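Heads up, the thing below is written out as structure tokens.
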Amino acid sequence: MTETVVSKEIPPETVKRVTGFITNCGGVPGVPEKYEGQGISSDLIRSLLKVQHIHRGRVTCILTVKPYACNAYNTFHGGAVGSIAEMVGIACARTVVKKDKELFLGELSISYLAAAVSQAEVIVDASVVRSGRNLTVVAIEFKLKDSERLNYLCRATFYNMPVASL
């Protein structure tokens with residue numbers, strides 16, 4: 001591990017505050033060993049979802065915001081929103097893309113409109129906007145189940161691999 005180089009112009013209390021923030025980012029001073037390993041983050045994210053409907057070009061899931069997926073403000077973590085959007089987006093794209101084609105996430109944009117608090121139930125609705133030979137675009141909406149208020153709006157572009165010959 002490399003040693004941190006600190007400028008002499010920065011006061012020691014600032015250095016302590018910044019390193020403490022980075023070390024404990026998210027409020028947890030480290031990841032327990034049992035949660036280390038390949039695929040564990042996917043399992044944690046997947047455990048938040050329950051599939052409600054699957055149709056051609058559309059997938060709807062119910063997401064329960066668990067405390068382990070929340071940030072220091074007790075709201076759904078932005079990175080978890082991105083992971084869920086990618087996962088549900090791929091599932092939705094799979095309903096229209098042939099099985100022999102691999103999907104590669106090329107772009108994911110997320111608009112954070114309102115926060116979802118811990119234990120909230122959120123409807124995640126993904127629908128294919130466009131699908132062609134080489135790419136598939138999916139729109140994903142996150143709405144609170146009880147009020148149907150829009151929390152997050154996502155758009156994912158997937159490249160269909162292998163790319164068709166021209």
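The values are calculated or read from the model by the stated rules, or taken from the named source; none is laboratory data. Keep in mind that what you see is a predicted model, and the values were worked out from it rather than measured. Counting neighbours? That spans all protein chains shown, and the Cβs are built from the backbone with ideal geometry, glycine included. Only protein heavy atoms, including side chains, enter the accessible area calculation; ligands, DNA and RNA are left aside. Shrake-Rupley method; radii C 1.70, N 1.55, O 1.52, S 1.80 Å.
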**Request:** Collect the residues in the range 148-166 that are modelled with pLDDT of 95 or more, farther than 16 Å from LEU103 by Cβ and not aromatic (Phe, Trp, Tyr), keeping them in residue-number order.
**Result:** ARG149, LEU150, ASN151, LEU153
**Prompt:** Pick from the range 97-136 the residues that are in contact with an Asp or Glu (Cβ under 9 Å, 6 or more places away or on another chain) and β-branched (Val, Ile, Thr): which of them is nearest to ARG58 (Cα to Cα)?
**Reply:** VAL124
**Prompt:** All but one of (1) touching a helix residue (DSSP H, G or I) at 6+ places or on another chain (Cβ under 8 Å); (2) open to solvent by 50 Å² or more (accessible area, probe 1.4 Å); (3) not aliphatic (A, V, I, L, M) hold for PHE76; which doesn't?
**Reply:** (2)
**Message:** Quick test of your reading of the structure: LEU144 fulfils all but one of (1) more than 15 Å from ARG56 (Cα to Cα); (2) at pLDDT 95 or above; (3) surrounded by fewer than 13 Cβ atoms within 10 Å (Cβ to Cβ); (4) not acidic (Asp, Glu). Name the failing condition by number.
**Reply:** (3)
**Residue that is least open to solvent (accessible area, probe 1.4 Å), among those in the range 84-98 that are part of a helix (DSSP H, G or I) and touching a Lys or Arg at 6+ places or on another chain (Cβ under 8 Å)** = CYS92
**Prompt:** For the range 114-141, what are the residues that are under 16 Å from THR75 (Cβ atoms), surrounded by 13 or more Cβ atoms within 10 Å (Cβ to Cβ) and not aliphatic (A, V, I, L, M)?
**Reply:** SER118, GLU121
**Asked** Going by the conditions given, is LYS101 open to solvent by 40 Å² or more (accessible area, probe 1.4 Å) and without any contact (Cβ under 8 Å) to a residue 24 or more places away in the chain?
**Response** no
**Fill in**
Taking the range 13-57 and keeping residues assigned to a helix (DSSP H, G or I), open to solvent by 100 Å² or more (accessible area, probe 1.4 Å) and at pLDDT 70 or above leaves GLU13, LYS16, ARG17, ARG46
**Message:** Among the listed residues LEU135, LEU108, identify the single one that is on the phi < 0 side of the Ramachandran plot, modelled with pLDDT under 95, in contact with a Gly (Cβ under 8 Å, 6 or more places away or on another chain) and not β-branched (Val, Ile, Thr).
**Reply:** LEU135
**Check on VAL81, in contact with a strand residue (DSSP E or B) (Cβ under 6 Å, 6 or more places away or on another chain), open to solvent by 10 Å² or more (accessible area, probe 1.4 Å), on the phi < 0 side of the Ramachandran plot and modelled with pLDDT of 95 or more** = no
**Request:** State all residues of the range 45-78 that are closer than 17 Å to VAL128 by Cβ and aliphatic (A, V, I, L, M); if no residue qualifies, say none.
**Result:** VAL51, ILE54, VAL59
